[in-house]
Each structure stands twice: as C-alpha cells, then as structure tokens.
Amino acid sequence: MKAATHTPDMLRFLTAGSVDDGKSTLIGRLLYDVGALYDDHVASLRSADADEDADLDFSLLTDGLRAEREQGITIDVAYRYFSTSRRRFIIADAPGHEQYTRNMATAASQADLAVLLIDARLGVSTQSKRHAFICALLGIPRFVVAINKMDLVGYAEERFREIEAEYQEFSVRLGLGNLCFIPVCAVSGENLVRGGENMPWYAGPPLLSFLEEVYIAGDRNLVDFRLPIQRVVHLPGTFRGYGGRVASGVLRSGDEVMVLPSGFRTRVAALSTGMEAVHHAVAGQSVTVALEDDVDVGRGDLLVHPGNVPQERRELEAMLVWTGDESLVPGDVYLIKHAARWIKARCEAIHYRVDPNTLRREDADALALNDIGRVRFSLFKPVFADEYRKNRILGSFIIVSTTTNDTLGAATIIDRTDYDAELKTERALPLRSNVVWHEGQVTPAARAALFRQQPVTLWLTGLSGSGKSTLAFALERRLIEAGHACFVLDGDNVRHGLNHDLGFSPRDRAENIRRVAEVARLMNDAGLIVITSFISPFAEDREMARQIIGPDRYREVYLSTSLSVCEGRDPKGFYQKARAGDLPGFTGISAPYEAPSSPAVTLDTGAHSVEQCLAMLLRQLADFIKDRS
Amino acid sequence: MKEILSLTVLDELEAEAIQIIREVSAEAERPVMMYSIGKDSSVMLHLARKAFHPAPIPFPLLHVDTDLKFPEMINFRDRMAREIGFDLRVHKNRQALETGANPWDMGTVRCCGFLKTQALLDALREGRYDMVMGGARRDEERSRAKERVFSFRDLHGQWEPRRQRPEFWQLYNTRLHDGESMRIFPLSNWTELDVWRYIAREAIPVVPLYFAAEREVVERSGQLIPVGEKTRLLPGERPERRLCRFRTLGCYPCTGAVASSAATVDEIIMELQEVRLSERTTRVIDHDQDGSMERKKREGYF
C-alpha cells in the first residue's frame, strides 16, 4: 500500500572492483534479473556461434569501447540506468585500474553510494583499499562491500566474516560511515535481486533490496541556502532575473537575500522554474530569481540569506586527487573553477601525499598523476566557500591548466584548523570501531523481529499547552505496558541537555528540530518507537524532520487545540508572560504557528478526552505493532 | 499550503539539464543547439526555453537536413520555429546532394558520412561554433554510455574516448583553445521513458509520426520500412498499409516503424513499459557493423 503512493527518488551509485572481481558480471546480472535489459541487448551478449543456453558475456554490456573489449578491462566510466517501483538508479561503472583513477574519481564525485567488490578467494587487496580511499575522499557517505564469488569458497560463512573483519579494520582508519557487507554470487545471481539459497547463514537483504531501501534524503543540505548565479536573464525594458541551480537550502519568494561578494541586501520579488512562477526553490532545483531592488548581480556571484553566510577565503585548504599528466608543483599558477567562477590560484604548499594502499602520509615535493594529498592554494581573488562535508557544491573545486586547459585535479575544501574533517589517515586513531562494527551486522529486519514491532516516529506538533507532553507520556506508558519498546523525546527535557545551547530564534528552532530528528532516527534505527513532543511551529522544519527520519517512518500528529483553550490552560504561565511582552518570539502570541496541511491525524484535546485521543493514536500505530509471529 | 522539499526524478533531470544549458550559454563564445526535430530535440528545446524565459533562447538551433527526412518533420520544424520564435539555421551538404548521394546506391554508411557527418562538420566550421549541444542520451548505445556531459573535440572535430577530461561534480571544464570545440549533452542521464514522461508532464508538442496511424510500409528483414518519395522497392516487395508508429525519427530510408496502436503520449508511455526491444533497433545505421557508433562518433558524428 505504501509503495503505491511512494514517489520514486533517484540513487546514483558507483561500482568498483579489481580486475576479475566479477564487476561486469554483477552489473549485468543485476540488470538482467530486474528485467532492465532489452532483448536485442541480451542477444548481443551471446557470441555469434553460441546457442541459446550459453552463458551471457556481461562484460560486453558495460565495456562500451572497442579498446576495452579488446583489452578486457574497463578504461572509463559507463553509465547504466534502471528503475524499480521504489527507485530510479544510475550506475556509474568505474574502472579499478590505478592508471584510470581519474575516471573512477569522476564517478565518485557524483555518487550517493559505492558498491565495492571483493573476490572472496583473494580477500581485501591493495586495489580495493584504494577504491575505498578515493570514495571516502570524495565524500561518498555509504558503502556496500559485495563479497563476490562465494560459490568458489564453498559459500563459507567463516570466509565472509574473515574478509568483513579485515575490511572493518581498514575502513575504521578511513572513517567510513555506513558500511554494509553482502555475500554474493554474481554468476548465479544469489543475493543480488533474490536471496542466496546457498547462504542461509546470511540474514541481511539482497543487494537490490538494500539499494532500494537505503535512506539518502538526509544527504541534502536543506539548511544553508546558497545559489551560485550562472547567468543573467535579461529582456530589455521588461525583465531582469538571475538563473542558477540552488546548491543547498531553501529560498522563498519574499526572502531577504544578500548578494556576495558585494554584500547588497534586497528581497526576492519572484521565483520561477522557466515558465511557471513558484513559491519556493530547494537544493537541486534550477531557478530564475527576480530581485526587488536593481542591484548589480553577475555570473559567479552568490545569493545567500543574510544570517547564514559562507566564509570568505583567500586561501583554500583541500584534499586533492591529481588527474593531470603534468605534476602539481608548489609555486605554480593554475585556474580553478569554484561554483560558477573561474579564478587564478597559486599552489602554496603540499602538506603531504597519502599512500592509498597503506594510508600513510609521506612528504612530497610534487603530486603526480593519480596522487592524493593535502594542499594549500592562495587565490588571486577571494571566494565564498563552505567545507566539503557541509556542502558538496560550495565545498569543491577543480584545477585546470592555464596552458593545456586539461582538468588537472579535483579538490575538497577542509577547514584549516579542523583536523576532524580530514580523512583518518595514519595519525588518527580508530575511535569509532565499535559503532562501525555493529552497523553492518544487525539488519533492521532482525531488530524488528526482536522487538516484534516496526520502528516509527509519531511527531506531535501544536501550540504550547495543546497537550503534547501529556499525550506523549500517556501513550508511552500504554505501549510499554503492552510490551513495546518506545521512548518520548520531549521539548523541555531535550533543552536541558542535548540542546541546552539553543535559544528560540527561527534558526535555533530549526537546529533544535534537526538534532531531535537525528536522535529519533537513531532510535528508530535501534528498533524503538519514538514519540516526539515539540511545538515545531514551522512547516519547513517539520519537513526537514520528515526527511531525516524518513517519510516511511514519520507520522505527523497535529494537536489542533485552539489558542484560546491553550491560553486558558497556560500550565507554565508562559502565555501570561508573552502577553505581557516578557517572552519575545512565543508561538501563537508573538511568533507564528504554521499548521500542518496534511497530518496523519488531527487531535483537538479541547474537544476530546485523553482516553479518546490515545485510542486514535493507537489506531495510527496498529500497522507497526502488529505481532508478526 | 504544504511545501514540498523533495524532488522527483523528472525535477532532478530537468534541473540538471537547465544548469548544463545555462553553463554553455554563459561560457561559450558561439554556442549552438542541434535540432533534429525528434522527441529528444523537442525536450531539449523546451528546456532551453525554460532556462532563459522570459528572454528568447540566446543561441541558434541548427538542423542538418539530408533531403531524406519525412515531410512531416520539416513541416513541424518550420511550425515550431515560427511559433516559438527561435533562430533556426538549416544546413545541407549541397555538393553531395547534387551528385545524387543516397543510401540505396552508396550504402548507409557512406551516405551517413556525406549527408550527416560531413554536413555537420561543415556547418559547425562555417558557423565557427565552439560549443554544440545535442540531445543524445547515454542509455541509447554502449559507446554513448561512456561519454562525458561536456565532451571535448580536437581541431578536426574528433572524439578520443581514451583521453576524456575527467568531469567532477557539476564543475564542467569549458576551456578551449581556438579551433577546438565541445559537444554537450544536457540529456545525458535521461532514458527514453523519462523523455516521454516529461513530454506528458510539460505538454510538449512532438512530430505526429510518433503516434500510431495507418501508414504505407514494406516489411524488410523484420522491420517496417516506410515508403517515401524516393524509396526503391526490392523485387517482390509490395507496399501495404499497417497500423504503426515511429519510435525514433531520422531519414525515412533508414528508419523502421514499429507495429503499434499507441496514439497518445500516455499510450506510448504504457507501451514503453512493456517493450522488449531497444529503440535503436529501428535505426538501420547502428547495426551495420560492430562498434559503428563509436567509430562514427570518433569521426565527429553526434
């Protein structure tokens, strides 16, 4: 039922493996088994003299260049497309050979997820370490390690666990976040689309199910609005606007904006996506913005919100993948492209090079083709940039030769003082080993089976005094009594600890909600039912919470109790203070409350008893707490 | 009013394509957009309008005509140019046409070489265009699947697939020396189904040949070949009227129709969800020889 109303989103993933790890077979088999190959393509995978039953040579599918077919290796990225009812997928099939690192980095810069292949017989090779390192460097947030050719090791769980442990140890040093290990047999298709009949010891999902379900919406930065202007749209005497693609955040018609670098402030007069006017634009959208005042804006300028401005930098500290035939040498001048600007820059220093096989740092006078290192550039003009980990678009740049025009490198910006932002190379310690270890081993299905429930977050929103806490705690007690694992995240309680540093400005409220949503998501991941009790007055913040927690797990409960009823209750005396002007920014009195437009359930505690409201909430939960046994 | 902050697949593809088109127009000295009149060109044209609305499209659209296009295509092209008001340039290899170039006498490979590849290269040279947008998609063919969004061409318009510039994030390296050029593919990540869904969503006009109707065809090695003005029938062939439509459009001697009753965009979308053959099976030129598309692309074909 859920699948029918679900709008498919897009997942871009990269596949990488060493020669003969079976990558082409894995992709080909995956596409074949989901029915994504046309009959004439399948026919072309059989050599002319082979009969109908002959094995298909899937490498002919992905290796699209003659040189690749002749040499039997992948030279450049191939893109493949398929979709299921849940998701649209773009596979970037990347070469694993060291000499084609730049092509792999091309694929990695666009990916939401990496599928890294390992041959079960050979275990973790130096090549597979290098693949993981490059993916980590370019900020791919999650990884699937597909341990292939399980048939050739007798489908042995011990071998799988052995490789998994070895990989874990390595990945911890890289600081890889979300790792999932799947034993597969690409030739037979086991654990790709269907399960693995020869591996009953593996309780996790097949690869496709994992790819369909993995949560990615939280990758988008919806907080820090940035719009690099690509082009002025000008119709003399009639219209002047600015075209660009929103890098992050949300822009609304009427918003106050600041133009960088000039610092001019004005407001958004109108927003459109082509012929249609729109009320707002979000990260990833291409828009045209008209401003209220006639200010000077040109290509390369940046629109931001005045309260949230990126750092102005005259130097860029960065991790760098060097892709040029000529070497990077300190003192040399290059062109860099950052967002929609070209600027000249001088390489001031190479701090070190990283050996991707050992992750050791070494001193370097120059970076040669396929080298990776940490560098500093000084800029001929300052730029406004974010750190890469906060903003993939404002935090990245490319380096181009001033003579050959070749693309020489890809760089990710890090804060100079922020050593945490660096990849965990040699000098860092494996602090996160326990976290990483457990994530890969226990599946959501296993947790659901243990607790006999599906995790869900009931998000209660409404005015102060509308009864959120009362209902949340009553419901928690009811659920615990019935044997369910659940927890209440309460607005007041959270502000004592986790969020004690936040106030009540719209920005702090947003951060409050973001943190709570992340905690709720963790608790859901742990298998718990979560009930939150926050005024959460802004639709945008609730949408962010929905995205973080996941639309499938988020249920919005609107307490519609009227202001007069709430004010009459005034359990904490806040309304009285607010009316007296002692509480600025108090929701309902001196700050707005944006009522949800389509909550899962609406409860008016002024009209219904606590018992009636509880019954309605339990009905909402029925699908999640049904015993599955 | 509920604010929707998530993007659909079509939203994302549209945003990416508009970004690419704007980047070309901002960074090229002499940009041009290829206009082949087909469904992909129609989508690309629509995206170009959106990118610059309410201003007009700030670059010309170029059609390489072979005199072997369906008459419906030429009518549609001229109607669009009139209604939308874009700067249409038409180029033909007049010399080859005057000497009677055609696929029946010289074969499809040589005919394409003269009337399409050569004509294109001449037109690009005459226009001194440095950035040329085309509607090719990576899902069409395996060598296309390898191509960058901004694809570098040397002084002779040639593609070197083993030495492509890496392409990171959305940071396109548009730098060129005099005489070098780029082919840019805003629809790189679209599939055939995306194109039709977008046509439906945005109500984009397309050539009526895409919709099923009774048409005069002959069946030749499993393909329905339309009978046009100059078509030569093989011994024993008799034209017949069949309910069919075109899945791709090109020159009529080299474009096969498919038996179909899909007469609306929605019916086409439904048909495509079931179809078992790729769209390029209807192009006679692609399967002349192994790797033919890669070879033609190296020489400068789109």
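The values are calculated or read from the model by the stated rules, or taken from the named source; none is laboratory data. Since we're looking at a predicted model, the values are computed, not measured. Please note: Cβ atoms are built from the backbone with ideal geometry, for glycine as well, and neighbour counts cover all protein chains shown. These area figures cover heavy atoms from the full protein model, side chains too; ligands, DNA and RNA do not enter into them. Shrake-Rupley method; radii C 1.70, N 1.55, O 1.52, S 1.80 Å.
Structure notes:
- Near residue B:224, the amide H atoms lying under 5 Å from its own belong to B:257; only residues 5 or more places off or on other chains count, and H is placed 1.01 Å from N.
- Buried on assembly, the range B:152-185 (at least 40 Å² less accessible surface than by itself, 1.4 Å probe): B:162, B:163, B:165, B:166, B:168, B:169, B:170, B:171, B:173, B:175, B:177
- Residues whose amide H lies under 5 Å from that of residue B:207, counting only those 5 or more places away or on a different chain, are absent; hydrogens are built 1.01 Å from N in the peptide plane.
- Chain B: C-alpha gyration tensor shape, a/c 1.5 cut-off, then a/b vs b/c: oblate
- Available extension along the chain between residue A:582 and residue A:197 is 131.8 nm, counting 0.36 nm per residue and deducting the alpha carbon span.
- Packing-based ranking of A:90-100, A:451-461 yields A:451-461, A:90-100, ordered from highest to lowest mean Cβ neighbour count within 10 Å.
- Proximal aspartates and glutamates to residue B:69, defined as alpha-carbon separation beneath 12 angstrom and excluding residues fewer than eight positions away on the same chain: B:229
- Per-residue HN-Hα couplings for the range A:350-364 [Karplus 6.51, -1.76, 1.60; θ = phi - 60°; Hz; x = Gly/Pro]: 10, 5, 5, 10, 10, 7, x, 7, 10, 6, 7, 8, 9, 5, 8
- For a straight C-alpha distance cut-off of 15 angstrom, the aspartates and glutamates reachable from residue B:146 (same-chain residues fewer than eight places away being disregarded) are A:63, A:68, A:76, A:93, B:160, B:167, B:294.
- Surface analysis of chain A yields an accessible area of 40 Å² per residue, using protein heavy atoms and a 1.4 Å probe.
- When the alpha carbon coordinates of the range B:207-282 are projected onto the principal axes, the ranges are 38, 20, 19 Å, largest first.
- Antiparallel content of DSSP bridges confined to the range A:2-218, in %, to 5: 25
- At least 50 Å² accessible surface lost relative to isolated chain, residues of the range A:385-400 (1.4 Å probe): A:398
- Rounded, prolate or oblate (a/c below 1.5 giving rounded, otherwise prolate when a/b exceeds b/c) for the range A:2-218 by Cα gyration tensor: rounded
- Measuring nothing but protein heavy atoms, the accessible surface of the protein assembly as shown at 1.4 Å probe radius is 49 percent carbon and sulfur.
- Summary value for chain A: 10 percent relative contact order, contacts being C-alpha pairs under 8 angstrom separated by 6+ residues.
- Among A:538, A:493, A:565 the positive-end extreme of the charge dipole of the range A:477-577 (Cβ point charges): A:565
- The C-alpha atoms of the range A:472-539 occupy a region whose extents along the principal axes are 39, 25, 23 Å, arranged from largest to smallest.
- Out-of-range pairs (alpha-carbon distance over 32 Å; input A:149/A:337; A:390/B:39; A:344/A:390; B:39/B:296; A:23/B:39): A:149/A:337; A:390/B:39; A:23/B:39
- Every pair of different Cα atoms in the range A:442-625 enters the Kirkwood calculation, which places the hydrodynamic radius at 16.7 Å.
- The range A:226-304: C-alpha pair distances exceeding 15 Å, %: 48
- Global geometry of the range A:311-421, whether rounded, prolate or oblate, following the gyration tensor of its Cα atoms and the 1.5 cut on a/c: oblate
- Other-chain or far-sequence residues with amide H under 5 Å of residue A:86's (modelled H): none
- Reported value for the range B:100-205: 163 Å³ per residue, from the convex hull of its C-alpha atoms.
- About its Cα centre, the dipole of chain A is roughly 1740 debye, where the only charges are +1 on Lys and Arg Cβ and -1 on Asp and Glu Cβ.
- Most fluctuating residue given options B:40, B:87, B:130, as computed from a GNM of chain B linking Cα atoms under 10 Å: B:87
- For the range A:226-304, averaging the sequence separation of C-alpha pairs within contact (under 8 Å, six or more residues apart) and dividing by the residue count gives a relative contact order of 39 percent.
- 3J(HN,Hα) from dihedral phi, the range B:3-11, Karplus parametrisation 6.51/-1.76/1.60, rounded to Hz, x for glycine, proline: 8, 9, 9, 8, 10, 7, 4, 5, 4
- Accessible surface, per residue, of the range B:43-142 when the full set of protein chains is kept, probe 1.4 Å, Å²: 42
- Neighbour-limited loop hits for GluC sites (Glu not before Pro), the range B:1-86 (at most 11 other Cβ within 10 Å; DSSP other than H, G, I, E, B): B:29
- Note on the protein assembly as shown: along the principal axes its Cα atoms extend 94, 74, 67 Å, ordered by decreasing extent.
- Area hidden from solvent between B and A (accessible, protein heavy atoms only, 1.4 Å, total, Å²): 7100
- The residues of the range A:282-318 occluded by other protein chains by 10 Å² or more of accessible area, set against the chain on its own, are A:282, A:284, A:285, A:286, A:288, A:299; surface from heavy atoms, 1.4 Å probe.
- Between B:61, B:155, B:234, the GNM of chain B built on Cα springs shorter than 10 angstrom shows B:234 fluctuating the most.
- Result for chain B in a Gaussian network model with C-alpha springs under 10 Å: among B:278, B:221, B:181, the largest mean-square fluctuation is at B:221.
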